[in-house]
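Structure first, then comments.
The values are calculated or read from the model by the stated rules, or taken from the named source; none is laboratory data. All of these numbers come straight from a predicted model, not from anything done at the bench. Glycine gets a Cβ as well: all are built from the backbone with ideal geometry, and neighbour counts include every protein chain shown.
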Amino acid sequence: MRIAIVADVHSNLDALETVLRHAEEQKALEQVWCLGDTVGYGPEPNACLALLRRYNALTVPGNHDLAAIGLLSTEDFNPDAAAAAAWTALQIVPDERTYLENLPHVVRQGEFTLVHGSLRWPIWEYLYTPEVALAHLELQETPYSLVGHTHVPLLVKEDQGSPDGCLMNYLEDGTALELRDRRLVINPGSVGQPRDGDPRTSYAIYDDEARTVTVHRLEYDIAATQQKMAAAGLPAWLIRRLSRGR
Ligand code: ZN
């Protein structure tokens with residue numbers, strides 16, 4: 001079975017459709033796993049939620065999802081993110097609200113655990129330092145886990161012999177990462193708002209027979225998304241950053 005793993009879609013329907021089309025060509029739509037922040041920042045929150053629900057995506061919520069339904073204060077958001085969250089909250093239709101309200105914050109599926117941030121603080125914590133990675137790994141009861149939130153594709157390998165207790169590597173486009181006995185944390189990057197300097201959409205495919213996870217970067221129609229954001233009156237910086245991948 002081949003499974004599409006998406007994270008941080010952020011209401012970017014053009015990017016999500018590009019990813020799902022590619023996943024279909026790769027025969028990787030038997031399941032879809034979603035690591036949260038399906039909404040926030042972008043122009044089409046309900047359409048993104050509806051599309052993922054159509055694939056019965058196994059989903060955990062992120063901070064922007066909870067902010068959009070009033071379950072999380074935007075006090076700690078930067079002003080542009082807070083403005084986009086306020087706009088998103090006005091758009092969300094009742095069905096999608098109920099759906100978001102009922103998502104479990106951590107999901108275990110076979111050998112994987114799915115969470116948006118970290119297992120220590122599922123909604124909020126950014127997993128990008130060895131310290132956070134180790135705290136996360138201590139709580140990880142499955143061999144592998146999948147996280148989002150930082151918008152940067154990343155591999156963490158547990159390694160007792162290394163000074164930090166783990167090795168952290170940026171995950172390049174097309175690298176087929178082999179699942180072996182070492183415990184891992186994998187971030188597939190962001191579908192809707194990449195922040196690693198590469199504006200292409202990012203997602204991963206898990207192949208349970210080959211036992212690999214592969215990150216894919218794809219061009220999508222950034223200008224179309226930016227036009228929809230401008231029409232919705234979303235903050236200019238959020239529109240600009242999509243072209244820069246920052
Ligand atoms: Zn996010």
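Looking at region 1-12, which of its residues are more than 16 Å from the ligand (Cβ to nearest atom) and not in a loop (DSSP other than H, G, I, E, B)?
First pass over region 1-12, keeping only residues more than 16 Å from the ligand (Cβ to nearest atom): 1-4.
If the condition is that a residue be more than 16 Å from the ligand (Cβ to nearest atom) and not in a loop (DSSP other than H, G, I, E, B), then 2, 3, 4 are the ones that fit.
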- Message: I need every pair where a residue in region 136-157 that is closer than 23 Å to residue 40 by Cβ and without any contact (Cβ under 8 Å) to a residue 60 or more places away in the chain has its Cβ under 9 Å from the Cβ of a residue that is within 14 Å of the ligand (Cβ to nearest atom) and part of a strand (DSSP E or B), sequence separation at least 6 or different chains.
- Response: 136/115; 145/115; 150/187; 152/187; 152/202; 154/187
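If you check 216, 149, which single one turns out to be on the phi > 0 side of the Ramachandran plot, buried (at least 17 other Cβ atoms within 10 Å of the Cβ), at pLDDT 95 or above and not basic (Lys, Arg)?
Numbers: 216 fails: on the phi > 0 side of the Ramachandran plot.
When all the criteria are applied, what remains is 149.
Report whether or not residue 62 is in contact (Cβ under 8 Å) with a residue 12 or more places away in the chain and either away from the ligand (no atom under 15 Å from the Cβ) or in contact with a Lys or Arg (Cβ under 8 Å, 6 or more places away or on another chain) (or both). Quick ask: steps written out before the conclusion?
Numbers: in contact (Cβ under 8 Å) with a residue 12 or more places away in the chain: yes; either away from the ligand (no atom under 15 Å from the Cβ) or in contact with a Lys or Arg (Cβ under 8 Å, 6 or more places away or on another chain) (or both): no.
It is false that residue 62 is in contact (Cβ under 8 Å) with a residue 12 or more places away in the chain and either away from the ligand (no atom under 15 Å from the Cβ) or in contact with a Lys or Arg (Cβ under 8 Å, 6 or more places away or on another chain) (or both).
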- Message: Would you confirm, using the coordinates I've provided, whether residue 88 is farther than 30 Å from residue 110 by Cβ, crowded, with 24+ Cβ neighbours inside 10 Å and at pLDDT 95 or above?
- Response: yes
- Message: I need a count of the residues in region 188-246 that are in contact with a strand residue (DSSP E or B) (Cβ under 6 Å, 6 or more places away or on another chain), basic (Lys, Arg) and not in a loop (DSSP other than H, G, I, E, B).
- Response: 1
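Report yes if residue 23 is part of a helix (DSSP H, G or I), within 12 Å of the ligand (Cβ to nearest atom) and touching a residue at least 40 places away in the same chain (Cβ under 8 Å), otherwise no.
Values: part of a helix (DSSP H, G or I): yes; within 12 Å of the ligand (Cβ to nearest atom): no; touching a residue at least 40 places away in the same chain (Cβ under 8 Å): yes.
The answer is no for residue 23.
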